[in-house]
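Participant: Before I ask anything, let me first share the structure, which is written out below as structure tokens.
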Amino acid sequence: MKPNAKIYVAGHLGLVGSALVKVLTGLGYTNIVKKTRAELDLTDQAAVHAFFDKERPEYVFLAAAKVGGIHANNTYPAEFIQINLAIQNNILHAAYLHGVNRLLFLGSSCIYPRAAPQPMREEHLLSGALEPTNRPYALAKIAGIEQCWAYNRQYETRFLAVMPTNLYGPGDNYNLDNSHVLPALIRKFHEAKVHDMHSVVVWGSGKPKREFLYSEDMAEASVFLMNLDAQIFDGLLGSDRNDGLPPLVNIGSGIDMSIRDVAELVKDVVGYQGGIVFDIGRPDGPPRKLLDVSRLSGLGWQAKIGLQDGIRLAYQSFLST
């Protein structure tokens, strides 16, 4: 991407989108297109096509999505599948019609089967049953990957899907009703510290293991992929094949940790002195979710920010909001 290339970041106010804008700006990109939800409803097909017809972006980062943790996915399953399908379909089709050079579609590691071998490789997609607690969201993201693949094969588009692990960082959602595990832990331990509570309740047994990645690391990996040499980038797209390996690249740290240990780490960073109680009546989700990142590391990229440093940065951001 040239410094003056027109780049559209869909979902620029979200966790990933805001990190993308920060990284792109820091690298000297000066022509970044941003639209708030009030300015452009991405579920409105006509509005999306009119936007692409007017702006003609050369590159698109599709980071817009309805996201949330276990509670949100269980409470709003219809919204998670309907809204995400609409956003993806509208942007992907408009990008094809209006000749976008490259597009990066951001999904989630929940696309992989609940019992997938660990660590999860890109070819494990659609090899088994999904985790029931987030199946509607996962199916929407799988449909987006398949749509990228189908358009690449039929229309010779250059759409690449990336699957980030559990993300956290500045601009995260700290609402305890629909946030992901790490921001929820940051808020819980902070409030317990402020109110001098004796203990903090953490959902589940604490035994499941999760991998986490700082949002700006995710953004740097995305820009790295978008800037790959044409021959290497095109080799990832599956334009000339239907062999079971989709146009998909995992993005993660390659390291996981039990929720119990993550809770202890957040407790230390926040400076909370009380205890931790695990509510085993709450769902655990999959027992383990670790991405195999060898495809990405083989291209020359690795995560830079460790979990403890990342939590410290995220907590500082939380305190400033």
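The values are calculated or read from the model by the stated rules, or taken from the named source; none is laboratory data. The model shown is predicted, which means the values in this text are computed figures rather than measured ones. When we count neighbours, we look across all protein chains shown, and the Cβ atoms used for this are built from the backbone with ideal geometry, even at glycine. Surface accessibility is based on the protein's heavy atoms, side chains included, excluding ligands, DNA and RNA. Shrake-Rupley method; radii C 1.70, N 1.55, O 1.52, S 1.80 Å.
Participant: From Cα pairs below 8 angstrom and at least 6 apart in sequence, can you work out the relative contact order of region 79-144, rounded to a whole percent?
Facilitator: 44
Participant: May I ask which residue of GLN231, SER205, ALA47 lies farthest towards the positive end of the charge dipole of the chain, with charges of +1 (Lys, Arg) and -1 (Asp, Glu) on Cβ and the Cα centre as origin?
Facilitator: SER205
Participant: In terms of the Cα gyration tensor, with a ≥ b ≥ c the square roots of its eigenvalues, is region 71-116 rounded because a/c is under 1.5, prolate because a/b exceeds b/c, or oblate?
Facilitator: Here region 71-116 falls in the oblate category.
Participant: Using Cα pairs closer than 8 Å and at least 6 residues apart in sequence, work out the relative contact order for the chain, in percent.
Facilitator: Relative contact order for the chain comes out at 20 percent.
Participant: While we're here: Could you size up the charge dipole of region 84-240 around its Cα centre, putting +1 on the beta carbon of Lys and Arg and -1 on that of Asp and Glu, and report it in debye to the nearest 20?
Facilitator: Dipole magnitude for region 84-240 comes out near 480 debye.
Participant: Heads up, I need the accessible area for SER109: 1.4 angstrom probe, whole protein in place, Å², nearest 10.
Facilitator: That residue has around 0 Å² of solvent-accessible surface.
Participant: With a 1.4 Å probe and all protein chains in place, put SER320, SER108 in order of accessible area, largest first.
Facilitator: My answer, sorted largest first, is SER320, SER108.
Participant: If you average the sequence gap of Cα pairs under 8 Å that are 6 or more apart and divide by the length of region 221-292, what percent do you get for the contact order?
Facilitator: Rounded, it is 33 percent for region 221-292.
Participant: Determine the percent antiparallel among the DSSP beta bridges restricted to the chain, to the nearest 5.
Facilitator: 10
Participant: A follow-up question, please. Give me the percent of the accessible area of region 228-282 that comes from carbon and sulfur atoms, probe 1.4 Å, all protein chains in place.
Facilitator: 47
Participant: Checking the cross-link filter: which lysines have an alpha carbon closer than 23 Å to that of LYS209, excluding same-chain neighbours under 8 positions apart?
Facilitator: Those lysines meeting the cut-off are LYS141, LYS188, LYS267, LYS289, LYS304.
Participant: May I ask you to give the average projected area over all directions of the convex hull of the Cα atoms of region 142-272, in nm² rounded to one decimal?
Facilitator: Value for region 142-272: 10.0 nm².
Participant: Give the peptides 307-314, 88-95, 271-278 in descending order of average Cβ contacts within 10 Å, highest first.
Facilitator: Final packing ranking: 88-95, 307-314, 271-278.
Participant: What nm value, rounded to one decimal, do you get for the distance between ASP240 and GLU123 when each label is placed 7 Å out toward the C-beta?
Facilitator: If labels sit at ASP240 and GLU123, their model points lie 2.0 nm apart.
Participant: Now for a separate question. Using a probe radius of 1.4 Å on heavy atoms only, what accessible surface per residue do you get for the chain? Whole Å² is fine.
Facilitator: 44
Participant: Could I ask something else about it? Taking 0.36 nm per intervening residue step and subtracting the Cα-Cα distance, what contour gain separates GLN154 from MET197 on full extension?
Facilitator: Taking 0.36 nm per residue and subtracting the Cα distance, the gain is 9.6 nm.
Participant: Averaging the inverse of every distinct alpha carbon separation and then flipping it gives the Kirkwood radius. What is it for region 258-321, in angstrom units?
Facilitator: Taking the inverse mean of 1/r over all distinct Cα pairs, region 258-321 comes out at 14.7 Å.
Participant: For the chain, list the DSSP H helices whose alpha carbon atoms reach 27 Å or more along the long axis and whose average Kyte-Doolittle value is -0.5 or above?
Facilitator: Within the chain the helices that satisfy the rule are 77-97.
Participant: Moving to a separate point now. For region 17-142, restrict the atom set to alpha-carbon positions and state the Rg and Dmax in Å.
Facilitator: 16.1, 45
Participant: Hey, another quick one. Quote the Stokes-Einstein diffusion coefficient, in whole µm² s⁻¹, for region 219-303, based on the Kirkwood radius over alpha carbon pairs, a temperature of 37 °C and a viscosity of 0.692 mPa s.
Facilitator: Diffusion coefficient, whole number: 200 µm²/s.
Participant: Rounding to the nearest 20 debye, state how big the charge dipole of the chain is about its Cα centre with +1 on each Lys and Arg Cβ and -1 on each Asp and Glu Cβ.
Facilitator: Result for the chain is approximately 140 debye, rounded to the nearest 20.
Participant: Same structure, new question: How large is the accessible surface of TYR137 in square angstrom, using a 1.4 angstrom probe and rounding to the nearest 10?
Facilitator: For TYR137, solvent-accessible area is about 20 Å².
Participant: Quick one: grab the alpha carbon gyration tensor of region 9-55, order the square roots of its eigenvalues as a ≥ b ≥ c, and give me rounded if a/c is under 1.5, else prolate or oblate depending on whether a/b is larger than b/c.
Facilitator: oblate
Participant: Kirkwood hydrodynamic radius for the chain: how many Å is it when counted over pairs of different Cα atoms?
Facilitator: Result for the chain stands at 20.1 Å.
Participant: Next up: Rounded to the nearest 0.05, what FRET efficiency do ASN175 and ARG282 have when you use their Cβ-Cβ distance and R0 = 22 Å?
Facilitator: 0.85
Participant: May I ask you to give the percent of accessible area on region 56-191 that is carbon plus sulfur, with a probe radius of 1.4 Å?
Facilitator: For region 56-191, the apolar C and S fraction of the accessible surface comes to 50 percent.
Participant: Hey, another quick one. To make sure I understand the rule: partners must be lysines, Cα under 26 Å from the Cα of LYS54, and not fewer than 8 residues away in the same chain. Which ones qualify?
Facilitator: Within reach: LYS2, LYS6, LYS22, LYS34, LYS35, LYS66.
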